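The values are calculated or read from the model by the stated rules, or taken from the named source; none is laboratory data. Quantities reported herein were computed from a predicted structural model and do not represent experimental measurements. All Cβ positions, even for glycine, are placed from backbone atoms using ideal geometry, and neighbour counts span all protein chains on display. What goes into the accessible areas is simple: the full protein's heavy atoms, side chains included, and nothing from ligands, DNA or RNA. Shrake-Rupley method; radii C 1.70, N 1.55, O 1.52, S 1.80 Å.
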Amino acid sequence: MKDLELLVCSDLHGSASALDVIAKAASTKRYDAVVVCGDFTTFGTTEFTKEFLRRVDTRVLAVPGNCDVPDTVAVLESADASVHNTVVEVGGRKFFGFGGGLPSNSGMPFEVEEDIMERSLRAIAIEDGVMVTHVPAYGMNDLLRSGHHGGSKGVLRVANEFKPALALSGHVHESQGRVLSASTVFVNPGPARNGTYASIRLGETVDVQFHGSTKH
């Protein structure tokens, strides 16, 4: 299995400057895939997502976020870019994922009950694969400003059971980081709307480099 070079981003929230940064980085052709962990927009239409797919000239793999409208899934699927509730292979490595957020009092456009998220992920999970979610696993790059955890215990259970080599997520803007737990490297690339993303080389080891500002 060859080493994979991944550009990982999340939480663009409709930012034109974020799209410029990601498109420019992808244009170097160093990456095998650009992975987007959701929230292309903030309650917007699918037009920004379509523009992202037009502008980024590298294979895109993505899940929707809680701020994305449900139609985002169909847009990603039509571009062969969706890893929501499905498995995709790139360079011999299996990617699987599930998007959306957990239920909240805010009534976000794409919210999923945790038991459905966990059950759906478990049904497609691949050992030593790459798990892509919007919501992080509980305790993994998920600390909110309030000091509480914003992650999913269901996603954590799937990760603990299937031990993906890499688990990618976003959602919690203030918790950019890399955590090694057992044999899984959990990465939150930080919010792209603030100019941040991550480069990851996935091989026998997992090497992570963060780019851009870390201001929140």
Candidates A81, A18 - the one that is within 16 Å of the chain's Cα centre (by Cα) and more than 29 Å from A123 (Cβ to Cβ): A18
When every residue in region 83-92 that is at pLDDT 95 or above and surrounded by fewer than 23 Cβ atoms within 10 Å (Cβ to Cβ) is compared, the one nearest to R201 (Cα to Cα) is V90
Hits in region 93-106 (condition: open to solvent by 60 Å² or more (accessible area, probe 1.4 Å) and more than 20 Å from P164 (Cβ to Cβ)): P103, N105, S106
Select from region 202-216 the residues that are of a type outside the set (V, I, T) and crowded, with 17+ Cβ neighbours inside 10 Å and write down the one among them that is modelled with the lowest pLDDT. G212
Residue check, H134 against (1) under 17 Å from C37 (Cα atoms); (2) in contact with a helix residue (DSSP H, G or I) (Cβ under 8 Å, 6 or more places away or on another chain), all met but one. Which one? (2)
Can you name the residue in region 111-151 that is more than 29 Å from L4 (Cβ to Cβ) and either at pLDDT 95 or above or touching a Ser or Thr at 6+ places or on another chain (Cβ under 9 Å) (or both) and is also surrounded by the fewest Cβ atoms within 10 Å (Cβ to Cβ) among such residues? D115
Report yes if D11 is of a type in the set (D, E), open to solvent by less than 20 Å² (accessible area, probe 1.4 Å) and either over 19 Å from T196 (Cα atoms) or in contact with a Cys (Cβ under 9 Å, 6 or more places away or on another chain) (or both), otherwise no. yes
List pairs: first in region 80-93 and over 15 Å from V36 (Cα atoms), second of a type outside the set (V, I, T) and loosely packed, with under 14 Cβ neighbours inside 10 Å, Cβ under 6 Å, 6+ apart or cross-chain? G91/K2; G92/M1
Would you mind stating whether S27 is touching an Asp or Glu at 6+ places or on another chain (Cβ under 8 Å) and either open to solvent by 20 Å² or more (accessible area, probe 1.4 Å) or within 21 Å of M131 (Cβ to Cβ) (or both)? yes
Please indicate, with yes or no, whether at least one residue in region 185-196 is open to solvent by 60 Å² or more (accessible area, probe 1.4 Å) and either outside any helix (DSSP H, G or I) or of a type in the set (D, E) (or both). no
Do we have V63 as touching a residue at least 40 places away in the same chain (Cβ under 8 Å), surrounded by fewer than 19 Cβ atoms within 10 Å (Cβ to Cβ) and within 23 Å of T184 (Cβ to Cβ) here? no
Among the residues of region 154-163, is any among the aromatic types (F, W, Y), open to solvent by less than 60 Å² (accessible area, probe 1.4 Å) and closer than 18 Å to V34 by Cα? no
